[in-house]
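Let me begin by presenting the structure, written as structure tokens, before commenting on it.
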Amino acid sequence: MNVEVVKSKLHNVSVTEANLNYVGSITIDEDLMDAANIIENEKVQVVNNNNGERLETYVIKGERGSGVICLNGAAARKVAVGDVVIIITYCHMSLEEAKQFKPTFVFPDTATNALV
């Protein structure tokens, strides 16, 4: 039996941009991606603490060190610049693996999205 578990989480980052005129996705600072073990094109869940919206999309790399968190395309309608979001990834593994697995949780500075 396999189960789906949290793989990683960027907890309480601030939306820096919302770009409606883009194909889709979320742009994340590459430093934040590395810290949270998130790869380009990986599926993520985005939870908006300000309005309760939840959505799924995929990741594209943002400029390293920029602090960028940009919702693109239709997802841009679910956020406002300055909203605080949680970005979560999941993975599938056996029940036995899941019992031993430790997810990566990253808590950047919410004001700047800088790693602390």
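Values quoted throughout were computed directly from the atomic coordinates according to the rules given, and no laboratory measurement underlies them. The shown structure was predicted, so the numbers you read here are calculated from the model rather than taken from an experiment. So basically every Cβ, Gly included, is an ideal-geometry build from the backbone, and we count neighbours across all protein chains shown.
Of the peptides 97-105, 31-39, the order by per-residue mean of other Cβ atoms within 10 Å, starting with the highest, comes out as 31-39, 97-105. Of the beta bridges in the chain, as assigned by DSSP with both residues counted there, near 70 percent are antiparallel. Label sites at E42 and A74, each approximated as a point 7 angstrom past Cα along Cα to Cβ, lie 2.4 nm apart. Neighbour counts of other Cβ atoms within 10 Å put C70, C91 in the fewest-to-most order C91, C70.
Highest mean first, the peptides 17-24, 3-10 sorted by other C-beta atoms within 10 Å per residue fall in the order 3-10, 17-24.
Taking amide H as placed 1.01 Å from N in the peptide plane, the amide H of I60 sits under 5 Å from that of I26, T27, I28, N41, each at least 5 places away or on another chain.
What does the C-alpha gyration tensor say about the overall shape of the chain? Classify as rounded when a/c is under 1.5, otherwise prolate if a/b is larger than b/c, or oblate. Provide the component values of the computation, followed by the final result.
Values: a/c = 1.87, a/b = 1.54, b/c = 1.21.
Prolate, since a/c reaches 1.5 and a/b exceeds b/c.
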